[in-house]
Amino acid sequence: MGMKRIAVLTGGGDCPGLNAVIRAVYKTAQSYGITVYGVRNGFRGLVEADVFLLGPEHISGILPRGGTVLGTTNRDNPFHYPALEAGQVVYKDVSQTVIANLHKYEIEALVVIGGDGTLNIAGEIADLGMPIVGVPKTIDNDIAYTERTFGFDSAVSVATDALDRLHTTAESHHRVMILESMGRWVGHIALHSGIGGGADCILIPEIPFKWESIINKIQARQQAGKNFSIIVVAEGAKPFDGEITVARVIEGSPEKIRLGGVGERIAKEIEQRTAIECRTTVLGHLQRGGSPTPYDRILATRYGEAAVTTLVQKKVNKMVALQNDRIIAVDLKDVVGKPNPVAVDHQLVLTGRALDICFGD
Ligand code: F6P
């Protein structure tokens, strides 16, 4: 007998394409005669047994829609779950409640759509005996064993559009315009949008930058009659001899550090050293909101279909992944905890260098 009931859950930060995956999971499951439960609010929904039967009314029209139809998405972790005891927040392992609730609804497998934090939790749930298939979600593209996470292309598209717009205003004011992108500890968004948007400097965490290198680039452009420059900097980029720039520390969160502010730091330094006016644009959550690009809709749809087909083929504890333009299933345990940084000899870095783009080194 094949599988009869599965559930789908979204975890971590939101990302364009979540709904496209949910839709594809539902539609594919329908074609195999499998019932799908939606889990509200990430893993919290499994702790609180907050699940509902997905139906066509939840799915209709959601392909192009940002956000998630599964309530909120968040970073709640059942292995480190907050509870109030005697007026104090204490953290408990409530993973057995998750398993009990899954059994209560006779759910035989779980499709978990998430980034590395969520997939990590999914791996631990798999260790407790619940079959899992993960779907790699994040604008950061920082998940190992897949060439693309869905959401990344949409973020790159927003950042590239921003660079186009910054070009004309930079030119009109003879300024240095700095665009700070998201990406956490990796520079994929900055690298791709920097190439797509024609940046003069691309600064990424994988290549620590030297101030002189950036200044030299700006001055060389001035000497060549180009009185403006465009810099794209990933939020996790740092000077060769300095530290990352932390925007906030969120106590109790599994990922405590939120990065941000490096763009303004760079602007101040350039102004001090060159007397050229600088302005910084921090793109922030604009990169995560709104409608997914066609590429992301297609990728998310392929991932959703493949997740269910993987389960039907009785392959469990996998993550669907894109390799050589094919969707395959890799072992979840191989993926979790592995970073996916930009290789310093990535072809796009080499292309950028050939085009005389400064990487700050
Ligand atoms: O991982 C996605 C991401 O958008 C990162 O690029 C960014 O550093 C972080 O999440 C921001 O998190 P939050 O939405 O909690 O501010």
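The values are calculated or read from the model by the stated rules, or taken from the named source; none is laboratory data. Note that the structure is predicted; figures quoted are calculated from it, not measured. Quick reminder, even Gly has a Cβ in these numbers, built from the backbone with ideal geometry, and neighbours come from all protein chains shown.
Please go through segment 166-185 and give me each residue that is over 16 Å from Cys358 (Cβ atoms), surrounded by 22 or more Cβ atoms within 10 Å (Cβ to Cβ) and away from the ligand (no atom under 16 Å from the Cβ), ordered by number.
If the condition is that a residue be over 16 Å from Cys358 (Cβ atoms), surrounded by 22 or more Cβ atoms within 10 Å (Cβ to Cβ) and away from the ligand (no atom under 16 Å from the Cβ), then Leu166 is the only one that fits.
If the requirement is being at negative phi, in contact with a helix residue (DSSP H, G or I) (Cβ under 6 Å, 6 or more places away or on another chain) and modelled with pLDDT under 95, which of these qualifies: Gly2, Gly11?
Details: Gly2 fails: in contact with a helix residue (DSSP H, G or I) (Cβ under 6 Å, 6 or more places away or on another chain).
One residue alone meets the criteria, Gly11.
Step by step: first the residues of segment 225-248, then only those that are free of Cβ contacts under 8 Å to residues at least 40 places away in the same chain and away from the ligand (no atom under 12 Å from the Cβ), then the one that is surrounded by the fewest Cβ atoms within 10 Å (Cβ to Cβ). Which residue is that?
Of everything passing the filter in segment 225-248, Gly225 is surrounded by the fewest Cβ atoms within 10 Å (Cβ to Cβ).
Quick check on my filter: what residues within segment 199-218 are surrounded by 15 or more Cβ atoms within 10 Å (Cβ to Cβ) and out of contact with any Pro (no Cβ under 8 Å at 6 or more places or on another chain)?
Ala199, Asp200, Cys201, Ile202, Leu203, Ile204, Ile207, Ser213, Ile214, Ile215, Lys217, Ile218
Taking Asn324 as meeting all but one of (1) surrounded by 21 or more Cβ atoms within 10 Å (Cβ to Cβ); (2) more than 30 Å from Thr169 (Cα to Cα), write down the number of the exception.
Of the numbered conditions (1) surrounded by 21 or more Cβ atoms within 10 Å (Cβ to Cβ); (2) more than 30 Å from Thr169 (Cα to Cα), the odd one out for Asn324 is (1).
Looking at Gly304, Gly337, Gly352, can you tell me which residue is touching a residue at least 40 places away in the same chain (Cβ under 8 Å) and on the phi > 0 side of the Ramachandran plot?
Gly337
Within segment 249-261, track down each residue that is away from the ligand (no atom under 12 Å from the Cβ) and either among the charged types (D, E, K, R) or within 17 Å of the chain's Cα centre (by Cα) (or both).
Answer for segment 249-261, where residues must be away from the ligand (no atom under 12 Å from the Cβ) and either among the charged types (D, E, K, R) or within 17 Å of the chain's Cα centre (by Cα) (or both): just Glu251.
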